[in-house]
1. May I ask for the percentage of alpha-carbon pairs in segment 200-266 that lie more than 18 Å from each other?
2. Whenever you get a sec, compute what percent of the accessible area on the chain sits on carbon and sulfur atoms (1.4 Å probe).
3. Select from segment 177-262 those trypsin sites (Lys or Arg not before Pro) which occupy a DSSP coil region and have at most 12 other Cβ atoms within 10 Å, ordered by residue number.
4. Given 10 °C and 1.306 mPa s, compute D for segment 166-218 with the Stokes-Einstein relation, Rh being the Kirkwood radius over Cα pairs; round to the nearest whole µm²/s.
5. Roughly what percent of Cα-Cα pairs across segment 1-58 reach past 14 Å?
6. Residue farthest toward the positive end of the dipole of segment 135-276, with Cβ of Lys/Arg at +1 and Asp/Glu at -1: which of ALA189, GLY232, PHE153?
7. Give the share of C-alpha pairs in each 10 angstrom bin for segment 17-130, from 0 to the last occupied bin, in whole percents, shortest bins first.
8. Which value, in Å², gives the accessible area per residue of the chain when a 1.4 Å probe is used on the protein heavy atoms?
Amino acid sequence: MLIDLHTHSTASDGALSPSELVAFAYECGVRTLALTDHDTVEGVAEAADAAETVGLRFIPGIEISTMWGGVCVHIVGLGVNTENPALISKTRELCQLRNSRASRIAERFSQLGIEGMLEAVLELAGNEKNISRLHFARALIAKGIVNNEQRAFDQYLSEGGKAYVPAPWGTVAEAVELIHSAGGLAVIAHPGRYKFKQPWQTDALVQDFVRAGGEGIEVVSGSQSPSYTQQGVIFATQYHLLASLGSDFHRIDGIRPKPGEQGQLPDGLTSVLTRL
Ligand code: AMP
Ligand code: MN
Ligand code: MN
Ligand code: MN
């Protein structure tokens with residue numbers, strides 16, 4: 001009876017459609033699943049239908065992009081009402097920002113002599129309204145320019161990379177407020193993944209998030225080292241946050257854990273599921 005509260009589909013930068021994702025998660029032993037696509041809830045209706053068919057508990061979710069301390073920080077929303085007008089209008093805006101950033105990234109590639117990147121990512125993406133840097137990474141691999149995603153990010157797409165374009169995201173507090181207005185719980189995604197210049201900045205981020213009214217933190221994440229779980233437990237305990245867990249699954253042949261495979265929560269924490 002595995003739980004996975006952080007996954008992606010073709011509605012953003014995942015490789016499986018929402019219904020394929022639900023079927024695959026079920027096959028992997030997951031019985032409680034949240035779909036948390038980047039800045040969109042467009043995959044939720046299809047996933048909810050598929051979940052009902054296979055008999056799996058489904059939680060509608062989202063992963064909102066924000067900027068904090070010069071780093072892109074992700075805030076997951078769980079149990080959001082996907083019909084909420086504020087959520088619909090904001091996600092539309094965020095997807096448009098994604099795609100204008102994509103055009104600018106493609107221009108940078110063109111200046112580097114790598115042509116046709118916009119066409120390549122649009123063809124690769126399952127949803128042409130939601131283009132991610134991960135699509136650019138996949139396109140670079142397909143063109144034989146790099147041989148893995150990490151190289152694509154390090155050389156081209158991350159801050160300091162040759163085709164880096166700063167992200168236009170809003171604040172952590174705005175993301176928390178949006179999730180709340182859609183009736184959801186806000187959760188800091190993969191706290192162990194942020195590459196801050198100073199180690200204390202993760203603590204300052206969690207404090208800011210708590211001040212903004214955020215309620216949860218991913219203690220176990222497929223996107224952070226399993227050894228980080230200990231620190232996650234400390235944050236959850238110290239700041240009285242609900243504990244969440246998720247694989248951050250994107251694709252079957254990826255390096256991250258399969259759905260549910262990230263591990264389950266250590267004892268002694270209050271799971272975010274108690275409030276969903
Ligand atoms: P974006 O949200 O469009 O800025 O792109 C970020 C996406 O790329 C996230 O979904 C990550 O899963 C993925 N990503 C970020 N950094 C890396 C990295 N160093 N290696 C592989 N994938 C990454
Ligand atoms: Mn992603
Ligand atoms: Mn993330
Ligand atoms: Mn994610």
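The values are calculated or read from the model by the stated rules, or taken from the named source; none is laboratory data. Note that the structure is a prediction, hence the values are computed from the model and not measured. Here the Cβ positions follow ideal geometry from the backbone for every residue, glycine too, while neighbour counts run over all protein chains shown. All accessible areas refer to the heavy atoms of the entire protein, side chains included, with ligands and DNA or RNA removed. Shrake-Rupley method; radii C 1.70, N 1.55, O 1.52, S 1.80 Å.
1. 39
2. Exposed carbon and sulfur together represent 50 percent of the surface.
3. Sites meeting the loop and neighbour criteria: LYS195, LYS197.
4. Stokes-Einstein gives a translational diffusion coefficient of 135 µm²/s.
5. 42
6. Highest projection toward the positive end goes to PHE153.
7. Bin by bin from 0 Å, the calculated values are 13, 35, 32, 16, 3, 0.
8. About 44 Å² of surface per residue is accessible.
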